[in-house]
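Contents: one structure, followed by commentary.
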Amino acid sequence: MRKLLSSGLMVFAGIVSTPAHVSKNQTHAARPPSDQRKDSRLEVLRRFFGKADCPARKYSQAFIEVADNNDLDWRLLPSISYVESTGGKAAKNNNFFGWDSGRAEFATPLAGIRTVADRLAHSRLYKNKDLDELLATYNPNAEYAEKVKSIMRRISPSE
């Protein structure tokens, strides 16, 4: 009886401790996808980039979704892209952000948006820093942080 009980317990423990397969779609189930019809940020961002005829305008939805998925202020990446390349106008190699002092090359602008967002959210250089600390790490120039924050306020004054 003891042998049967212990072997049954082992099987049960093995079943309980086996991780369930989780699809990529399930991992983001807690965060509702950005809904273009309901999310006023999309039109705000499109209008901002549109006023300056920025190539980044067509990536407005991606900027918002990537920011949401990485717990970043939705105005941060568009503002950095505006300061660094006027929203893609002066971008080389799909690098809207001047990433790696402008040397980084991305397959597409979307790949650049995703990569930079991921680094700002998860890299030990940026993670757990407030906005001023993050921007000082991104570019230590004394005026840089204020330039980016000024653009953030132009996009949307309150957050």
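The values are calculated or read from the model by the stated rules, or taken from the named source; none is laboratory data. It should be emphasised that the depicted structure is a prediction, and the values quoted were computed from it without experimental measurement. Note: ideal-geometry Cβ built from the backbone for every residue, glycine included; neighbour counts use all protein chains shown. The accessibility values were calculated without ligands, DNA or RNA, using every heavy atom of the protein model including side chains. Shrake-Rupley method; radii C 1.70, N 1.55, O 1.52, S 1.80 Å.
Overview of results
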read-out: All positions within the range 41-87 that are within 15 Å of the chain's Cα centre (by Cα), part of a loop (DSSP other than H, G, I, E, B) and under 19 Å from Glu146 (Cα atoms); value: Leu72, Asp73, Trp74, Arg75
read-out: Pair list, Cβ < 7 Å and 6+ apart or interchain, from the range 77-95 residues that are aliphatic (A, V, I, L, M) to residues that are surrounded by fewer than 18 Cβ atoms within 10 Å (Cβ to Cβ) and at pLDDT 95 or above; value: Val83/Lys147
read-out: Scan of the range 99-155 for residues that are crowded, with 16+ Cβ neighbours inside 10 Å and of a type in the set (S, T, N, Q), ordered by number; value: Thr115, Asn139
read-out: Count of the range 56-74 residues which are under 22 Å from Gly102 (Cβ atoms) and among the charged types (D, E, K, R); value: 2
read-out: Positions within the range 48-77 being open to solvent by 20 Å² or more (accessible area, probe 1.4 Å), among the polar types (S, T, N, Q) and within 16 Å of Thr108 (Cα to Cα), in sequence order; value: Gln61
read-out: Residue satisfying condition, being within 14 Å of the chain's Cα centre (by Cα), farther than 19 Å from Leu42 by Cα, outside any strand (DSSP E or B) and without any contact (Cβ under 8 Å) to a residue 40 or more places away in the chain, within set Arg103, Arg119; value: Arg119
